[in-house]
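Novice: Dropping the structure in here first, questions after.
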Amino acid sequence: MEILDNGEFSFSHDNLQRDFDLLRQALDASITGIIITDHQQPDNPIIYCNSAFEKLSGYTRKEIIGHNCRFLQREDRNQKERLILREAIQSGKDCVVEIRNYRKSGELFWNELYMSPIIDENGKVTHFIGVQNDVTRRKKAELELLHHQQVMEQKIEERTRVIRESEEYLASIYQTVRESLIVLDPNFGVLSVNEHFLKTFKVSLGETEGKKLYELGNGQWDIPPLKQLLEDVLPTNNPVENFEVEHDFPHIGKKLMLLNAHRIELEGKYKDRILIAIEDITERREIERRKDDFLSIASHELKTPLTTVKGYVQMMSRFMPENSSDKFKGVVEKTGVYIDRLNNLISELLDVSRIQTGNIELHKEQFDFDKMVHETVEGMQAANKDHQIIIKGKATNSFVGDESHLIQVLNNLLSNAIKYAPESREVLIYLSTVSNYLKVSVIDHGMGINIEDQKRIFERFYRVGDIQQHYPGMGIGLYICDQIIKNHEGTLWVESEKGRGSTFSFTLPLNERAGNE
Ligand code: ADP
């Protein structure tokens with residue numbers, strides 16, 4: 001055999017057998033499986049395979065020769081690559097496919113098969129050469145990659161769906177909320193507003209979104225104190241909480257609004273946005289005002305006939321005949337006591353409405369504070385024989401303030417200490433001075449107050465829910481006490497533990513300077 005300049009082989013008849021063996025050895029040395037099929041015989045049988053093909057398929061040459069290539073596919077006969085192969089064989093063309101084949105052991109391998117026809121001088125296909133490589137590892141990696149890709153895509157799709165759903169969910173809350181909401185960018189441009197905002201302020205979306213807040217509706221939001229607060233929200237991260245603004249809007253008139261503004265702290269797209277919630281409290285305030293008016297009128301109206309009744313009862317006891325029965329005398333006396341109680345309740349209600357309208361008057365005079373405490377305790381002790389009220393310490397015998405109001409505070413704290421400690425027998429009052437302040441503590445060992453209620457008991461009409469049905473009261477005593485102490489520049493507070501008792505304390509400045517510090 002001679003290799004020509006163009007790379008082809010030339011055979012001489014003498015050495016044909018030797019050359020043929022040489023070529024066969026070369027084919028057997030290849031690591032690529034090679035077969036030759038005879039296209040002129042029925043069913044295109046394999047007439048040659050090299051040893052790499054034996055290794056690849058696991059069959060011996062003996063078991064291979066004479067078979068059509070399809071035996072490698074076993075039952076896996078529905079691969080679309082078969083059609084490509086069949087068409088190439090029928091039309092005498094070459095083709096490459098990646099097809100699932102099975103070794104003798106039954107193990108699957110991916111076969112990269114290159115089929116190429118051999119054509120004789122008459123243009124007739126006589127044979128096919130099949131070059132086969134085991135690409136299982138590559139194919140497996142490709143399939144795994146594809147699988148991962150599909151799983152990832154599925155996950156992304158799922159996440160997108162969840163995000164879209166939660167976005168829709170949030171948007172529906174945003175639109176349904178009965179409060180006006182605005183989202184601003186860091187330059188106070190309006191990014192979005194909800195339906196409620198549009199309805200309340202009678203504006204359209206086009207007039208709002210994308211505009212600067214302060215330019216909306218001819219500058220109707222250009223309210224200097226609001227501007228100041230909002231401008232501080234981003235740099236200081238201080239939220240605006242329950243800021244009341246009253247403003248006369250061109251189309252809708254005067255509105256009282258409660259504003260809350262927060263910086264949105266998320267990183268990325270939503271960073272540094274400002275969410276403003278606006279609650280229209282115009283109507284609520286009006287209802288509250290009417291309720292206060294009613295309270296004030298009703299208590300005034302009740303007070304007048306009561307004063308007359310009290311006068312009559314006083315007359316009855318003055319003109320009571322000597323020989324009246326003890327029972328009758330007792331009835332008249334009790335009537336007087338109940339009228340006083342009623343009178344006190346009505347006075348408290350009047351106090352509340354006076355506080356509400358800022359009409360509470362202080363008559364400040366100098367008086368002996370400690371003596372006042374002792375006398376108040378005496379009075380309280382006389383009416384409450386079951387409890388012992390003990391005074392410890394001293395505060396001052398010279399204090400400038402409204403004595404009758406401070407008596408009212410003390411009476412209130414003492415009567416609560418007795419009322420809400422029915423099982424205990426002792427109430428303590430500690431008097432002291434701390435720095436420039438006098439301090440009074442009223443200590444009971446009663447039912448105590450839990451933390452949540454402690455925050456609220458100084459609000460008007462607030463009473464602790466569970467046990468209150470069993471104790472008379474209107475929930476205004478502590479509210480009045482707190483206002484009176486505040487009017488004296490002092491502080492009233494409670495320390496308490498549920499089930500163990502309460503200590504109500506107040507401090508009052510001993511001179512004007514302390515109060516102004
Ligand atoms: P009132 O006693 O008429 O309900 P107050 O304003 O004096 O009204 O008190 C408000 C609420 O605080 C009471 O209803 C009670 O629940 C609670 N409270 C006040 N003082 C005490 C106390 N010493 N111990 C336990 N609870 C108290």
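Residue-by-condition table, conditions (1) in a helix (DSSP H, G or I); (2) surrounded by 12 or more Cβ atoms within 10 Å (Cβ to Cβ); (3) of a type in the set (Lys, Arg):
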| position | (1), (2), (3) |
| --- | --- |
| 269 | yes, no, yes |
| 285 | yes, yes, yes |
| 296 | yes, yes, no |
| 300 | yes, yes, no |
| 303 | yes, yes, yes |
| 321 | no, no, no |
| 341 | yes, no, yes |
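Novice: Could you run through the range 492-506 and say how many residues are near the ligand (Cβ under 10 Å from one of its atoms) and closer than 27 Å to residue 437 by Cβ? Steps first, answer last, please.
Specialist: From the range 492-506, those near the ligand (Cβ under 10 Å from one of its atoms) are 494, 496, 498, 501-504; that's our starting set.
Then keep just the ones that are closer than 27 Å to residue 437 by Cβ; that gives 494, 496, 501-504.
Counting residues in the range 492-506 that are near the ligand (Cβ under 10 Å from one of its atoms) and closer than 27 Å to residue 437 by Cβ gives 6.
Novice: Scan (1) surrounded by 12 or more Cβ atoms within 10 Å (Cβ to Cβ); (2) touching a helix residue (DSSP H, G or I) at 6+ places or on another chain (Cβ under 9 Å); (3) not assigned by TED's automatic domain parsing to the domain that holds residue 351 for the single condition residue 273 breaks and write down its number.
Specialist: Going through (1) surrounded by 12 or more Cβ atoms within 10 Å (Cβ to Cβ); (2) touching a helix residue (DSSP H, G or I) at 6+ places or on another chain (Cβ under 9 Å); (3) not assigned by TED's automatic domain parsing to the domain that holds residue 351 one by one, residue 273 breaks only (2).
Novice: Could you count how many residues in the range 128-181 are of a type in the set (D, E, K, R), closer than 30 Å to residue 53 by Cβ and assigned to a helix (DSSP H, G or I)?
Specialist: 6
Novice: Specify which of the listed residues (373, 377, 332) is part of a helix (DSSP H, G or I) and under 22 Å from residue 422 (Cα atoms).
Specialist: Of 373, 377, 332, the one residue that is part of a helix (DSSP H, G or I) and under 22 Å from residue 422 (Cα atoms) is 377.
Per-residue answers, yes or no, for (1) closer than 30 Å to residue 111 by Cα; (2) free of Cβ contacts under 8 Å to residues at least 12 places away in the same chain; (3) surrounded by 14 or more Cβ atoms within 10 Å (Cβ to Cβ); (4) among the small types (Gly, Ala, Ser):
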site: 129; (1), (2), (3), (4): yes, no, yes, no
site: 147; (1), (2), (3), (4): yes, yes, no, no
site: 167; (1), (2), (3), (4): no, yes, no, no
site: 229; (1), (2), (3), (4): no, no, yes, no
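Novice: Can you give me the number of residues within the range 439-459 that are touching a residue at least 24 places away in the same chain (Cβ under 8 Å) and either away from the ligand (no atom under 11 Å from the Cβ) or in a loop (DSSP other than H, G, I, E, B) (or both)?
Specialist: Summing the residues that are touching a residue at least 24 places away in the same chain (Cβ under 8 Å) and either away from the ligand (no atom under 11 Å from the Cβ) or in a loop (DSSP other than H, G, I, E, B) (or both) in the range 439-459 gives 11.
Novice: Another question about this same structure. Restricting to the range 1-37, name every residue that is part of a loop (DSSP other than H, G, I, E, B) and at pLDDT below 90.
Specialist: Correct list: 1, 4, 5, 6, 7, 8, 11, 12.
Novice: Only residues that are away from the ligand (no atom under 16 Å from the Cβ), among the charged types (D, E, K, R) and either part of a helix (DSSP H, G or I) or over 14 Å from residue 484 (Cα atoms) (or both): list them for the range 380-413, please.
Specialist: Listed by number, the residues that qualify are 385, 392, 394, 403.
Novice: For the range 93-113, give me each residue that is closer than 19 Å to residue 43 by Cα and surrounded by fewer than 15 Cβ atoms within 10 Å (Cβ to Cβ).
Specialist: Those that are closer than 19 Å to residue 43 by Cα and surrounded by fewer than 15 Cβ atoms within 10 Å (Cβ to Cβ): 93, 94.
Novice: Looking at (1) surrounded by 13 or more Cβ atoms within 10 Å (Cβ to Cβ); (2) free of Cβ contacts under 8 Å to residues at least 40 places away in the same chain; (3) closer than 19 Å to residue 470 by Cα; (4) of a type outside the set (Phe, Trp, Tyr), which is the only condition residue 393 fails?
Specialist: (3)
Novice: Would you mind finding the one in 256, 345 that is outside any helix (DSSP H, G or I) and either in contact with a helix residue (DSSP H, G or I) (Cβ under 9 Å, 6 or more places away or on another chain) or not assigned by TED's automatic domain parsing to the domain that holds residue 197 (or both)? Show your work before the answer.
Specialist: On the way: 345 fails: outside any helix (DSSP H, G or I).
Within the list 256, 345, the selection yields 256.
Novice: OK, next. If you go through the range 355-370, how many residues are free of Cβ contacts under 8 Å to residues at least 24 places away in the same chain and either assigned to a helix (DSSP H, G or I) or over 42 Å from the mean Cα position of the chain (by Cα) (or both)?
Specialist: Of the residues in that region, 2 qualify.
Novice: Further question: Looking at the structure I just gave you, is residue 264 crowded, with 17+ Cβ neighbours inside 10 Å and of a type outside the set (Asp, Glu)?
Specialist: no
Novice: May I ask you to list the residues in the range 38-52 that are in contact (Cβ under 8 Å) with a residue 12 or more places away in the chain and either among the hydrophobic types (A, V, I, L, M, F, W, C) or not in a strand (DSSP E or B) (or both)? Reasoning before the result, please.
Specialist: We begin by selecting, within the range 38-52, every residue in contact (Cβ under 8 Å) with a residue 12 or more places away in the chain; these are 38-40, 43-52.
If the condition is that a residue be in contact (Cβ under 8 Å) with a residue 12 or more places away in the chain and either among the hydrophobic types (A, V, I, L, M, F, W, C) or not in a strand (DSSP E or B) (or both), then 39, 40, 43, 44, 45, 46, 47, 49, 50, 51, 52 are the ones that fit.
Novice: Also, I was wondering about something else. Step by step: first the residues of the range 461-491, then only those that are away from the ligand (no atom under 11 Å from the Cβ) and either touching a helix residue (DSSP H, G or I) at 6+ places or on another chain (Cβ under 6 Å) or hydroxyl-bearing (Ser, Thr, Tyr) (or both), then the one that is nearest to residue 291 (Cα to Cα). Which residue is that?
Specialist: 483
Conditions tested, residue by residue: (1) within 24 Å of residue 347 (Cβ to Cβ); (2) surrounded by 13 or more Cβ atoms within 10 Å (Cβ to Cβ).
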| site | (1), (2) |
| --- | --- |
| 452 | no, no |
| 462 | yes, yes |
| 465 | no, no |
| 475 | yes, yes |
| 490 | yes, yes |
| 493 | no, yes |
| 503 | no, yes |
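The values are calculated or read from the model by the stated rules, or taken from the named source; none is laboratory data. Given the structure is predicted, the values throughout are model-derived calculations rather than measurements. All Cβ positions, even for glycine, are placed from backbone atoms using ideal geometry, and neighbour counts span all protein chains on display.
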